[in-house]
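Peer 1: Please find one structure pasted underneath; my questions will follow.
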Amino acid sequence: MIDRVATAIDRISGLLCWIAIAALLGLIAVTLFEVFVRYALNAPTLWSSDIGYMLNGALFLLATAYTLRTGGHIRVDFFSARFRPRTQDAINATFFAVVLLPALAWLSWVAARRAWRAFESGELDPMSSWAPLIWPFYLVLATGFVSFALQVLAETIRHARGTSTLIRRD
């Protein structure tokens, strides 16, 4: 049962990573479009910088869970790498459960609450002359934090059970 939950979380992380890839492609397209219309047509857009920062934030946060799953985050493990795999698992499980998971749960709650308040109030981006609705961006950020928290939970379980693939067991 626990393995199926962890696998389901991995699938969610993978799906969100594909969405992040789409956001990256969108960011490239928006940037190329803006460069073209600005320099070739002398007609800069009002919205491209807003779309750019929103897509950049989205792709960054939506890919964090998948990056954790594949071991892509930068780790400073010169100390723990000297221990046996079981000890490394214990260190990682403890850190994830005591520090990282509570912090991400709190960030997820704050981001979701912020997205909901922005939705209810119809809040517009206060820093933008284009002034788009801001709740879709906040919702994506909240989704990224929630998926990262879920992936941390899955990795905590794997480390606690000694089944993490992120630790070399040779």
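What follows draws every value from the coordinates through simple rules; no lab data is involved. All of these numbers come straight from a predicted model, not from anything done at the bench. As a convention, Cβ positions derive from the backbone with ideal geometry for all residues, glycine included, and neighbour counts pool all protein chains shown.
Peer 1: Between a first residue in region 107-126 that is among the small types (Gly, Ala, Ser) and a second residue that is surrounded by 14 or more Cβ atoms within 10 Å (Cβ to Cβ) and assigned to a loop (DSSP other than H, G, I, E, B), which pairs have beta carbons less than 9 Å apart while being 6 or more apart in sequence or on different chains?
Peer 2: Sorted first by the residue in region 107-126, then by its partner, the pairs are 115/134; 118/134.
Peer 1: Residue 95 is checked against (1) in contact with a Gly (Cβ under 6 Å, 6 or more places away or on another chain); (2) free of Cβ contacts under 8 Å to residues at least 40 places away in the same chain; (3) farther than 22 Å from residue 27 by Cα and fails just one. What number does that condition carry?
Peer 2: It fails just one condition, (1).
Results for (1) hydrophobic (A, V, I, L, M, F, W, C); (2) under 30 Å from residue 29 (Cα atoms), shown as yes or no for each residue.
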residue: 42; (1), (2): no, yes
residue: 46; (1), (2): yes, yes
residue: 88; (1), (2): no, no
residue: 91; (1), (2): yes, no
residue: 122; (1), (2): no, yes
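Peer 1: Separate question: What about residue 166, is it touching a residue at least 24 places away in the same chain (Cβ under 8 Å), under 23 Å from the mean Cα position of the chain (by Cα), closer than 20 Å to residue 16 by Cα and surrounded by fewer than 21 Cβ atoms within 10 Å (Cβ to Cβ)?
Peer 2: no
Peer 1: Sticking with this one: For residue 146, state whether it is crowded, with 19+ Cβ neighbours inside 10 Å, hydrophobic (A, V, I, L, M, F, W, C) and either more than 29 Å from residue 55 (Cβ to Cβ) or out of contact with any Ser or Thr (no Cβ under 9 Å at 6 or more places or on another chain) (or both). Before you say what the answer is, go through the steps one by one.
Peer 2: Numbers: crowded, with 19+ Cβ neighbours inside 10 Å: yes; hydrophobic (A, V, I, L, M, F, W, C): yes; either more than 29 Å from residue 55 (Cβ to Cβ) or out of contact with any Ser or Thr (no Cβ under 9 Å at 6 or more places or on another chain) (or both): no.
No.
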